[in-house]
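Before any comments, here is the structure.
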Amino acid sequence: MLTLSRGKGLGGDVKKLPEDFKVMEITSGGRVVEQDRVFSADELGERESADGKFCTFVLQKKNWNTISAVTAVAKLLRRGKKSIGYAGMKDKMAVTSQLASVYGVSPEDVLALRIKDIEINGAWRSEGVKMGGNLGNAFRIMIRGVEDRGRSEGLLEELGGVFPNYFDKQRFGYRLNNPRVGIKILRNDMEGAVNSILTDTDNEENEEAREARKRLKDEMDFNKALEYFPKYLKMERTVISYMSRYGNYTNAIRMVPRGLSIMFIHAVQSLIFNVSVERMVRNGSFETVRYCARDWYGFADTGKSAEPSDIGALPIGTIIGYDTVEDMLSETENEVLEDLSLSPKDFKIAHMPELSMRGSLRSVLAPIKDAELHEEGETLSMGFSIQSGSYATILINEMTKSDRLDCEKIAMEL
């Protein structure tokens, strides 16, 4: 993605070790959930409730994704997935700390748990943790093998306290084809959507999977495909099994768990947003129809309008949906929609209403807080805080220039 900083990147590698990528949640009260420290509810500004039906706990994990870690806690306590709560997802290849909750268990039982690479650093009765209940995250990152030492301060100064608020490439799937599937769904090309899920081979690194996808594309025999499609491609095998029996492309998509199928539409929305921001970066102009103020912590508050001339005002972009008012779109956003032959009403999906998207707002630029840099040899240590929903990897790429993802190219190939 096009970077805001124009200087040559430092290069280097991130996440050589989980300890190279530390993530600490910033609670709704602005407290950082520091690592290797036991907290009480009061120390984190959280409300403890003697009659609370949930147990909130401080979860520190290494090499676990958030859902798996909290689910593992719940399982040992004989609770199901529906009993868990967390404010935001944290990286797997990292050491992370955050608040989480489980329904119907005691703090004593949670504190007594012993799970490899998981630590419980405090627990109390509460009303539970809700998704989106955090302000953001604080990061401590190690970038190893930097090529141009002594230039990190200059790159950070170029940004001027903000960076492009792109969605990261994980939104687009590991084959980068989620937008292709999503746009086919929006255009009611359900056969094309199913075929993209099953047979797209671009960026497929596994040789066995690539050969299976190519064979299915050539033969289009769903019955036979069940014999050779790898067992680990569970989603694909579910779709193939349905197609082999019923041959209904729309309902085959419905066999994909909604949490996954909705990502196809999110990918289209994210791509439109990213391309719009890329064009703004390229043109050197962030003029939009709406602007927002910052919240008390210094992050973007899209619910609080501001004038472009106000101190700290940030331009607001649009996550396109059927409730989007076209008059409130910027010239750049309208151009991207026109290039893709889409309009907001297309996100009201009559043939799959469960995937319809209302749309929302997102700041075009994300603030950077508490930035710290320290170079030692070929290693750069970088600390910073960013708002919930923004991606540390995007800010890191402003320094390293190592991510060559071209959103414009992806969009133009749809």
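The values are calculated or read from the model by the stated rules, or taken from the named source; none is laboratory data. In this text the structure is predicted, and so the values were computed from the model without any measurement. Glycine also receives a Cβ, built like all others from the backbone with ideal geometry; neighbour counts cover every protein chain displayed.
Annotations for the structure displayed:
- Pairing residues of the stretch 203-222 that are outside the structural domain of Arg404 (by TED's automatic domain parsing) and without any contact (Cβ under 8 Å) to a residue 12 or more places away in the chain with residues that are surrounded by 13 or more Cβ atoms within 10 Å (Cβ to Cβ) and of a type in the set (Ser, Thr, Tyr), at Cβ distances under 6 Å and at least 6 apart in sequence or on separate chains, gives Arg210/Thr201.
- Here the stretch 244-285 is the region considered, the condition is being of a type in the set (Ser, Thr, Tyr) and farther than 30 Å from Leu4 by Cβ, and the residue that is surrounded by the most Cβ atoms within 10 Å (Cβ to Cβ) is Ser261.
- Taken together, the residues in the stretch 390-404 that are without any contact (Cβ under 8 Å) to a residue 60 or more places away in the chain and not basic (Lys, Arg) amount to 0.
- Residues of the stretch 220-277 that are over 23 Å from Ser343 (Cα atoms) and hydroxyl-bearing (Ser, Thr, Tyr): Tyr228, Tyr232, Thr238, Ser241, Tyr242, Ser244, Tyr246, Tyr249.
- Summed over the stretch 150-185, the residues that are in a helix (DSSP H, G or I) and in contact (Cβ under 8 Å) with a residue 24 or more places away in the chain give a count of 17.
Listed here are the residues, each with its yes/no results for (1) within 30 Å of Ser305 (Cα to Cα); (2) basic (Lys, Arg).
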position	(1), (2)
Val364	yes, no
Pro367	yes, no
Glu376	no, no
Thr379	no, no
Leu395	yes, no
Lys401	no, yes
Leu405	no, no
Lys409	no, yes
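- Comparison of Asp327, Asp339, Asp323, Asp295 shows that the only residue that is acidic (Asp, Glu) and closer than 22 Å to Phe139 by Cβ is Asp295.
- Within the stretch 97-108, considering residues that are in contact (Cβ under 8 Å) with a residue 40 or more places away in the chain and farther than 14 Å from Lys61 by Cβ, the one surrounded by the most Cβ atoms within 10 Å (Cβ to Cβ): Ser101
- Residue in the stretch 288-315 that is surrounded by the most Cβ atoms within 10 Å (Cβ to Cβ), counting only those that are among the hydrophobic types (A, V, I, L, M, F, W, C) and out of contact with any strand residue (DSSP E or B) (no Cβ under 7 Å at 6 or more places or on another chain): Val289
- Test: residue in the stretch 359-382 that is free of Cβ contacts under 8 Å to residues at least 60 places away in the same chain, farther than 20 Å from Arg140 by Cβ and not aliphatic (A, V, I, L, M): yes
- Selection of the stretch 119-140 for residues being within 16 Å of Ile84 (Cα to Cα) and hydrophobic (A, V, I, L, M, F, W, C) yields Ile120, Ala123, Trp124, Val129, Met131.
- Residues satisfying the stated conditions in the stretch 186-229, i.e. within 28 Å of the chain's Cα centre (by Cα), of a type in the set (Lys, Arg) and not in a loop (DSSP other than H, G, I, E, B): Arg210, Arg213
- Counted as qualifying within the stretch 331-414 are the strands (runs of 3 or more DSSP E) with 1 or more residues that are within 30 Å of Arg254 (Cα to Cα), namely 360-363.
- Some residue of the stretch 83-96 being in contact (Cβ under 8 Å) with a residue 24 or more places away in the chain, over 19 Å from the mean Cα position of the chain (by Cα), crowded, with 16+ Cβ neighbours inside 10 Å and over 20 Å from Val32 (Cα atoms): no
- From the list Ser196, Ser152, the lone residue that is touching a strand residue (DSSP E or B) at 6+ places or on another chain (Cβ under 6 Å) and of a type in the set (Ser, Thr, Tyr) is Ser152.
- Residue within the stretch 30-42 that is under 27 Å from Glu398 (Cα atoms), assigned to a strand (DSSP E or B) and in the same structural domain as Lys116 (by TED's automatic domain parsing) present: yes
- For the stretch 125-136, the criterion of a residue being more than 23 Å from the chain's Cα centre (by Cα) and on the phi > 0 side of the Ramachandran plot is satisfied by no position.
- Selection of the stretch 1-23 for residues being farther than 21 Å from Gly150 by Cβ and not acidic (Asp, Glu) yields Met1, Leu2, Lys15, Lys16, Leu17, Pro18, Phe21, Lys22, Val23.
- Every residue from the stretch 168-191 that is surrounded by 16 or more Cβ atoms within 10 Å (Cβ to Cβ) and either of a type in the set (Gly, Ala, Ser) or over 19 Å from Met412 (Cα atoms) (or both): Gly173, Gly182, Met190
- Among residues of the stretch 126-144 that are assigned by TED's automatic domain parsing to the domain that holds Pro107 and acidic (Asp, Glu), none has a beta-carbon under 6 Å from a residue that is in a strand (DSSP E or B) and modelled with pLDDT under 95 at least six positions away or on a different chain.
- Candidates in the stretch 1-18 are the residues that are small (Gly, Ala, Ser) and modelled with pLDDT of 90 or more; of these, the one that is surrounded by the most Cβ atoms within 10 Å (Cβ to Cβ) is Gly12.
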